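Here's the structure we're looking at; comments come further down.
The values are calculated or read from the model by the stated rules, or taken from the named source; none is laboratory data. From a predicted model like this one, the values you see are computed outputs, not experimental measurements. Here the Cβ positions follow ideal geometry from the backbone for every residue, glycine too, while neighbour counts run over all protein chains shown.
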């Protein structure tokens with residue numbers, strides 16, 4: 001079969017590789033001048049630092065199958081994300097852990113003591129938290145909420161935490177030990193040569209052709225037996241029902257010598273600091289040594305037409321519009337919507353790869369059984 005995949009990021013590359021290995025001819029197009037989507041990495045010409053062009057991507061998973069898959073195409077080296085935050089004039093360790101609690105309150109609490117201490121701070125009158133703010137107040141109380149959650153969340157999402165659902169703060173990041181590893185998954189690392197090299201290796205198959213700087217046109221679908229679309233769901237339908245809401249990021253780059261901040265990620269929790277964090281890219285490759293350094297100040301704002309979409313908002317208004325687009329997609333034969341943009345869901349890299357592998361296998365199973373592939377392998381609603 002002739003397969004058209006729109007988008008040369010993780011979803012398009014993984015699905016394309018699986019189908020190519022099964023004997024299908026895969027044409028992958030991307031409107032950008034590079035592969036790898038928002039995971040794109042490249043060497044900075046002046047400093048030699050491996051740059052995460054669209055912001056940091058740190059690989060972490062409990063899925064052994066996905067971990068084995070990415071290690072098939074790249075050498076992963078150990079990396080643990082140890083985030084710091086500047087709040088109220090001091091630097092603290094994130095996620096909130098026993099050191100953070102003792103630093104912030106000037107205490108020397110042991111784990112059990114800290115649990116009781118924080119429970120005393122919490123607003124236990126909130127039985128069923130409905131908003132982000134209620135969730136935070138219920139579990140950590142007003143002081144930690146104000147310092148580490150409120151201002152950062154207002155900057156990241158562009159609205160009050162009282163307008164956000166409690167589900168955004170599903171697992172409150174509080175640890176009653178001194179573990180400051182931001183993630184808790186078994187497998188964590190970075191590809192030694194960057195994500196773009198890894199995805200190039202995935203795409204390296206004789207049945208895969210890649211065309212960059214190539215925008216999708218509906219006429220292309222007529223030349224394919226099936227289309228996998230990893231672009232924005234509403235974009236496939238030319239936004240005919242309206243635009244789904246996204247947050248986007250602006251990066252303000254600055255260079256220097258030596259070590260600017262001593263860590264890869266420094267958050268800024270105070271509302272009067274306009275950026276959410278500063279990332280220092282050489283720290284994402286700690287096995288390398290560079291005299292120069294490159295940093296990004298990261299600003300979050302509402303995405304406008306032409307912007308790179310990052311985070312689906314998925315509040316009440318967006319969910320209503322999403323349901324209409326899902327109905328439209330399900331009534332459109334010959335195309336399957338995949339990935340973060342295609343399903344309008346926030347997905348980590350490992351989940352994106354797992355869903356791409358499963359989607360490819362579902363397609364192959366349907367193809368061998370003479371069944372049509374559904375619009376979504378995983379429902380967005």
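General remarks:
- Candidates 161, 191, 165 - the one that is free of Cβ contacts under 8 Å to residues at least 60 places away in the same chain and in contact with a strand residue (DSSP E or B) (Cβ under 8 Å, 6 or more places away or on another chain): 161
- Index of the failed condition, residue 125 passing every other in (1) touching a residue at least 40 places away in the same chain (Cβ under 8 Å); (2) exposed (fewer than 15 other Cβ atoms within 10 Å of the Cβ): (1)
- Test result for residue 55, at positive phi and in contact with a strand residue (DSSP E or B) (Cβ under 9 Å, 6 or more places away or on another chain): yes
One line per residue, one yes/no per condition, for (1) touching a strand residue (DSSP E or B) at 6+ places or on another chain (Cβ under 8 Å); (2) over 24 Å from residue 10 (Cβ atoms); (3) at pLDDT 95 or above:
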{"residue": "217", "(1), (2), (3)": "no, no, yes"}
{"residue": "220", "(1), (2), (3)": "yes, no, yes"}
{"residue": "236", "(1), (2), (3)": "yes, no, yes"}
{"residue": "266", "(1), (2), (3)": "yes, yes, yes"}
{"residue": "289", "(1), (2), (3)": "no, yes, yes"}
{"residue": "292", "(1), (2), (3)": "yes, yes, yes"}
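- Residue ID - surrounded by the fewest Cβ atoms within 10 Å (Cβ to Cβ), chosen from residues in segment 211-261 that are more than 25 Å from the chain's Cα centre (by Cα), touching a residue at least 24 places away in the same chain (Cβ under 8 Å) and within 23 Å of residue 363 (Cβ to Cβ): 223
- Per-region count, segment 22-37, residues part of a helix (DSSP H, G or I) and either farther than 20 Å from residue 197 by Cβ or touching a strand residue (DSSP E or B) at 6+ places or on another chain (Cβ under 9 Å) (or both): 0
- Odd one out for residue 208 among (1) farther than 26 Å from residue 311 by Cβ; (2) surrounded by fewer than 18 Cβ atoms within 10 Å (Cβ to Cβ): (2)
- Residue that is closer than 16 Å to residue 7 by Cα, assigned by TED's automatic domain parsing to the domain that holds residue 224 and part of a helix (DSSP H, G or I), where the choices are 322, 341: 341
- Single residue of segment 39-48 satisfying the filter (in contact with a strand residue (DSSP E or B) (Cβ under 9 Å, 6 or more places away or on another chain) and on the phi < 0 side of the Ramachandran plot) that is surrounded by the most Cβ atoms within 10 Å (Cβ to Cβ): 41
- Any hit, segment 338-351, residues being within 30 Å of residue 253 (Cα to Cα), modelled with pLDDT of 95 or more, in contact with a helix residue (DSSP H, G or I) (Cβ under 9 Å, 6 or more places away or on another chain) and surrounded by fewer than 16 Cβ atoms within 10 Å (Cβ to Cβ): no
- Taken over segment 144-159, the criterion of being under 17 Å from the mean Cα position of the chain (by Cα) and buried (at least 22 other Cβ atoms within 10 Å of the Cβ) is satisfied by 153 alone.
- Selection from segment 274-328 of residues that are more than 22 Å from the chain's Cα centre (by Cα) and farther than 16 Å from residue 241 by Cβ: 287, 288, 289, 290, 291, 292, 293
Matching residues to (1) surrounded by 21 or more Cβ atoms within 10 Å (Cβ to Cβ); (2) under 23 Å from the mean Cα position of the chain (by Cα); (3) in the same structural domain as residue 7 (by TED's automatic domain parsing):
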site	(1), (2), (3)
22	no, no, yes
25	no, no, yes
31	no, yes, yes
36	yes, yes, yes
50	yes, yes, no
53	no, yes, no
56	no, yes, no
107	no, no, no
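- Residues of segment 326-350 that turn out to be free of Cβ contacts under 8 Å to residues at least 24 places away in the same chain and under 21 Å from residue 199 (Cβ atoms), as a count: 1
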